[in-house]
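Read through the structure below, which is laid out as C-alpha cells, and then see the notes.
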Amino acid sequence: MSQQNNLDHPKLDLHSRTGTNADTLQRAILDNLFYIQGRFPDVATPHDWYQAVAYTVRDRQLHRWVKTAQTYKKQKSRSVCYLSAEFLIGPMLGSNLVNLGIEDEVREALSALGQDLDVLLEQEPEPGLGNGGLGRLAACYMDSLATLEIPAIGYGIRYEFGIFHQRIENGWQKEISDQWLHLGNPWEVPRPLLTFRVNLGGHTEHYTDDHGNHRVRWEPERVVLGVAHDTPIIGYGVNNTNLLRLWKAEAEQSFDFEAFNTGDYYAAVEEKVKSETISKVLYPNDEAISGKTLRLEQQYFFVSCSLRDMIRIHLQQEPDLSNFHEKFAAQLNDTHPAIAVAELMRLLVDEHHMDWNPAWSVASRTFSYTNHTLLPEALETWSLPLLQQVLPRHVEIIYEINMRFMDQVRVLTHDVCGAVTRLSIIEEGEPKRVRMANLACVGSHAINGVAALHTELLKKTTLNDFHNLWPEKFLNVTNGVTPRRFLLLSNPKQSKLISDRIGEGWITDLEKLRGLEAHLDDAGFREDWRRVKRENKEALAKLLKERTYVDVDPQSLFSVQAKRIHEYKRQHLHLLYVVTLYNRIINNPNLSMAPRVHILGGKAAPGYAMAKLFIKLAHAVGEMVNRDQMVGDRLKLVFFPNFNVKNAQRIYPAADLSEQISTAGFEASGTGNMKFSMNGALTIGTLDGANVEIREVVGDENFFLFGMTAEEVVHLKTNGYHPRHYYDGNAELRAAMDLIASGYFSHGEADVFKPLIDNLLEHDPFMVLADYEAYCHAQSQVDDLWAQPDLWTRKSILNVARIGKFSSDRAIREYCEKIWKVQPTPVD
Ligand code: C3B
C-alpha cells in the first residue's frame, strides 16, 4: 500500500499489476500475450510466450525502478557513471528472474499454462553488445552496482548489430550478422524525448561576446541525434534498479525537404542513412584498433550524449556545475570513451561559460580511467587530421590541455631522458597522432589496472612516465565476476549443493564459500560434488552432440579453453598438446592414458587471418582425431561454435580443467579463469593476469602452474629468442609441428597451415615453443591427479571454497571506496 502512496496517484494500484505469486503472474503473462502482442495461447509461438514473460518481469522491475530514481533524487546521492563502448549483458530473462527471486513462481505459472520456462529461456536473442572480457566485465559491474545499492548509470551505445554470430563452414569461421533487435526487445524502454543533438565535422569560430569574453562557437558540418534507450538493471535481493542507458543514432530530420521537393528522393534519404550508421554495428575487434572515422564518431557520439545527460540531471537539482564532480564519478572503461575529457571541457567552457581552470578542476575530479591491456596494438591513437576533420573544437581543446600539461611536466621532470615527449598527448610524426591513453591519464584523478601483475607492469612499462609523475594516482582493482549469473543461474545444481551445506549467504558474500572447507572430509559431500559435475558434463555432451555431431564420453576429463581467439592467449599451444597426445597414441596404440575431451571455443576478429586459420586447424585436427578408431574414447577435440554468454553459461559448469595459458605479461587479467574456478574446474595456467592471484588464494597445490614468468619472457626476448632451438631440441614438439606441416590434417595439402607453422618456427611472437615442454609436463601432472578422483574432488571443492575474492561485488566495493567515494543508497 505504501508503494501506492509513494507513487503519488491514488488510482495506481501497483500490486494488482506487479504481484509475484504464481496466480497473479499467470494472469499477467496472459494479459501481456494478448494486449502487447495481440496473441492468444492457441496460436502463440514459444517466442511469443517468451516475450509475454519478459514483459511480465519487466513490469515488476518498473515500479522498483521509479522508486529507485525517486530515492536517489531525494537523497542527492553521488552517482557512478560507467562509460563503456561495450556492455556484453547477455540474455536478461534468466538473470532478472534470479535477481527478483521469482524464478519458481514464474515456472509454476508457466507450467499451469502448459509452458516450460527452460524452453522459453532459449528463445531470447543475446544482446551481444561487446566483444569479450572488457564488455562482459562492464555487465558484471552493473549487476554488482545494483546489488550493492550504489546509484549508477551505465552509458553506452545501442548497437543495432552486436557481435557477429560465428558459424563454422568446412572448418572455417563464417561471420553472420547479429539481428538481435529483429523481433523486438522487451527489456528496453525507448525515451524519444530524451534526445541530444551531436555535432560532427565543420569548423570553429572564435569571437568576443558583449561582455568582452573570448568565446568559441562550433559550426558543425552535420548533426545527428542521440536517443536514449533504457534497460533496467535490477540488483539481487534488493529493490535498487539502476539504469543502463544506451544511445541510438537517428537523423535530425528524416527528409531533406529541399532535396525531396526538387525530386532528388534518394539524396533526401541518404543523410538519414548516414546518421543512423553511427550506432549500426559494433566493431568486432578485441584488442586491436580500427582507426576508422566511424569508430571515432561512435566514441564521441555516446560520450557527448552521456555527459550532457549527466549535466541535465545535475542541473535539475543544482544551480550550476561548479560541484558537478561531487555528484558524479565517471569511469572511463579503457580509452574508448577518453574523448570525454575534452568533451566535458568543451561543455563546461563553451556551452556553460565556465573559466578554464575551474572547469579543469571539475573535469579532472570527475574522471578516472581503467586500463585493460598492455598490447601496443590496442593502445588507441587517432591521427590528428582525422580528429580535426570530425572534432575540430576538440583538437583545440586537446592542444590547450596538452600545453598546460607540458608546462607542468617540464617543471616537474626537468625532461629527464625525454619524458616530456613520451608524456605528451600529441605524438610527433607524419601525421601527428593523439594518444588517448595519455589524454585519459591527464584528465583522471585515478588510474587503475585490472590485476595486481597487470598494474605493476603498467607502472613499469606502458604508463611508466605517468607513474613517475603521479604515483599517487595509480592503484589496482583486480577484476571480478558476478556469482549470480555465473554460478547461481548457470550452475543450479552446484549452487543448490552449496546452499544446502552453508546456506545462501554466499550469493551476496562470496567469501562465505569458505564454509565449504568444513565439509571437505565428508565423503557424501564429495560424492554429491562429483555427481553434480558429471550431470553438468552429461548436459554439455548432449549439447556438443547437437551442435557438432561429435560424441564425447562424460567420464573423460573435460579440458576447456573458451575465450576470444588471439595469438597471445596461445590456443595453438593447447592444440600442439592435443596433436602430441595423438602422436603418442599412434606410436603406442596400447597407451593407457587419462581419457580427455579437449574443448575449444571463441570468435576470431574477422580481419585476423592467423586467428581464423587457427580455427580451421582446430577443426582439421578434430576431424582426424575424433574419427580415428585407434584413438577411440581416449582423446577427442571439439570446437564449440559461437562462444557467447549463453553458451558460456553451459560450458563453465561442465569443465574439469580450465586452460589459462597466455604468455606471461600479456593477459591483463582474464575473467574466464575466475568463472571456471567458481564452477569447480582446476586451472592449468601461467603466472599471468589474475591467474597469479587465483593461485594465491586457492593454494599452489590446487593449481597446475607452468611456464615462464613475465620477467623471463622479457629477458628471453631481449637476449634473442630462437624458436627453432626448441623445435630442434624436443622430439615430441617436432613431431607435432611436422605432422601439421605435412598436410596430414589438410588432405595432403601442406600449404594450408604453412603460415601458422612458419610463423611459429621463424617468429613465435608469443613464445609458444619456449613453454611447450613445461606445458606438457604440467598436463602430465593433471593426468596423475585425474587418476585419483577423490583427491581431484577435494581440490575442486577447495577451488570453489576459496574463490570468493573474485566476486565483482568485491571489485565494485574497492572502486567505491578507493576511487568513486560513493555510498550505498538503499531503496525501500
Ligand atoms: C580484456 C583483457 O584482455 C582481459 O585480460 C581482461 O580480463 C578484460 O579485458 C577485462 O578487464 N580486454 C578486452 O576484452 N578488450 C580490450 N580492448 C582490452 C582488454
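If you place +1 on the Cβ of every Lys and Arg, -1 on the Cβ of every Asp and Glu, and leave all else neutral, what size is the dipole of region 598-666 about its Cα centre, to the nearest 20 Debye?
Computed charge dipole of region 598-666: roughly 260 debye.
Protein chains only, probe 1.4 Å: how do Asp286, Asp521 rank by accessible area, largest first?
Asp521, Asp286
So how do Arg245, Arg634, Arg627, Arg39 rank on accessible area, 1.4 Å probe, biggest first, that is with the largest at the start?
Values: Arg245 20, Arg634 45, Arg627 150, Arg39 75 Å².
Largest to smallest exposure gives the sequence Arg627, Arg39, Arg634, Arg245.
Against the empirical 2.2 N^0.38 Å scaling, what ratio does the C-alpha Rg of region 401-467 come to?
It is 1.14.
Which Rg and Dmax, in Å, describe the Cα atoms of the chain?
27.6, 93
First check a/c for region 499-566, with a ≥ b ≥ c the square roots of the eigenvalues of its C-alpha gyration tensor; if it is under 1.5, answer rounded, and if not, answer prolate when a/b is larger than b/c or oblate otherwise.
Prolate, because a/c is 1.5 or more and a/b exceeds b/c.
Projecting each Cα onto the charge dipole of region 203-347 (Lys/Arg +1, Asp/Glu -1 at the beta carbon, about the Cα centre), which of Ser275, Leu321, Pro220 comes out farthest on the positive side?
The Cα lying farthest towards the positive end belongs to Leu321.
Please tell me the relative contact order of the chain in percent, rounded to the nearest whole number, where contacts are Cα pairs under 8 Å and at least six residues apart.
Averaging sequence separation for qualifying contacts and normalising by length gives 13 percent for the chain.
Please calculate the 1.4 Å probe accessible area of Asp528, with all protein chains present, and give it to the nearest 10 Å².
My reading of the accessible area for Asp528 is about 50 Å².
Starting from the eigenvalues of the Cα gyration tensor, five times each then square-rooted, give me the equivalent ellipsoid semi-axes of region 497-806, largest first, whole Å. All intermediate terms of the calculation are to be shown ahead of the outcome.
Details: eigenvalues 204, 100, 63 Å².
Working from the Cα gyration tensor, I get semi-axes of 32, 22, 18 Å.
Using only helices, what value at 222 nm comes out for the chain when you add -39,500 (n - 2.57) per DSSP H run of length 4 or more and divide by the total residues, to the nearest 500 deg cm²/dmol? If you can, show how the numbers build up before the last one.
Details: 34 runs with 380 residues, N = 828.
Per the formula, -14000 deg cm²/dmol.
So if I place +1 on the C-beta of Lys and Arg and -1 on the C-beta of Asp and Glu, and nothing else carries charge, what would the dipole magnitude of the chain be about its Cα centre? I want it in debye, nearest 20.
940 debye
Sorted by accessible area with a 1.4 angstrom probe, largest first, how do His372, His454, His725, His206 fall?
If we order His372, His454, His725, His206 from most to least accessible, we get His725, His206, His372, His454.
Can you send over the solvent-accessible area of Tyr207, 1.4 Å probe, protein chains only, in Å² to the nearest 10?
80 Å²
How much of Glu711 can a 1.4 Å solvent probe reach, expressed as accessible area in Å² and rounded to 10?
In the full protein context, Glu711 sits at about 150 Å².
In debye, nearest 20: dipole of region 328-381 around its Cα centre with unit charges on the Cβ of K, R (+) and D, E (-)?
180 debye
Got a sec to turn the phi values of region 368-375 into Karplus ³J(HN,Hα) couplings, 6.51 cos²θ - 1.76 cosθ + 1.60 with θ = phi - 60°, whole Hz, x for Gly and Pro?
With the stated coefficients, region 368-375 comes to 9, 10, 9, 9, 10, 7, 9, 5 Hz.
Along Cα→Cβ, 7 Å out, is where each label goes; now give me the distance between the ones at Ser780 and Phe34 in nm to one decimal.
Here the modelled spin labels are 7.1 nm apart.
Taking H placed 1.01 Å from N in the peptide plane, check which residues at least 5 places from Tyr369 or on another chain put their amide H under 5 Å from its amide H.
Placed amide hydrogens put Leu332, Ala446, Ile447, Asn448 under 5 Å from Tyr369.
Leaving out ligands, DNA and RNA, and with a 1.4 Å probe, what % of the accessible surface on the chain is carbon or sulfur?
Working: 16370 of 31980 Å².
Here it works out to 51 percent.
DSSP loop trypsin sites (Lys or Arg not before Pro) in region 276-358 with at most 15 other Cβ atoms within 10 Å of their Cβ, which ones?
Lys280, Lys292
As I understand it, the dipole of the chain uses +1 on the Cβ of Lys and Arg and -1 on the Cβ of Asp and Glu, about the Cα centre. Which of Val697, Thr293, His574 lies farthest toward its positive end?
Val697
Let me check the size of region 28-139 from its C-alpha atoms; what are the radius of gyration and Dmax in Å?
16.6, 50
Could you list the GluC sites (Glu not before Pro) in region 361-439 that lie in coil according to DSSP, counting only those with at most 13 other Cβ atoms within 10 Å of their Cβ?
Loop-located and lightly packed - Glu428.
Towards the positive end of the charge dipole of the chain, with charges on Cβ (+1 Lys, Arg; -1 Asp, Glu), say which of His725, Phe164, Ser364 has the farthest Cα.
It is Ser364, whose Cα lies furthest towards the positive end.
The values are calculated or read from the model by the stated rules, or taken from the named source; none is laboratory data. All figures in this text were calculated on a predicted structure; none of them were measured in a lab. Note: ideal-geometry Cβ built from the backbone for every residue, glycine included; neighbour counts use all protein chains shown. To get the accessible areas, we keep the full protein, side chains included, count just its heavy atoms, and leave off ligands, DNA and RNA. Shrake-Rupley method; radii C 1.70, N 1.55, O 1.52, S 1.80 Å.
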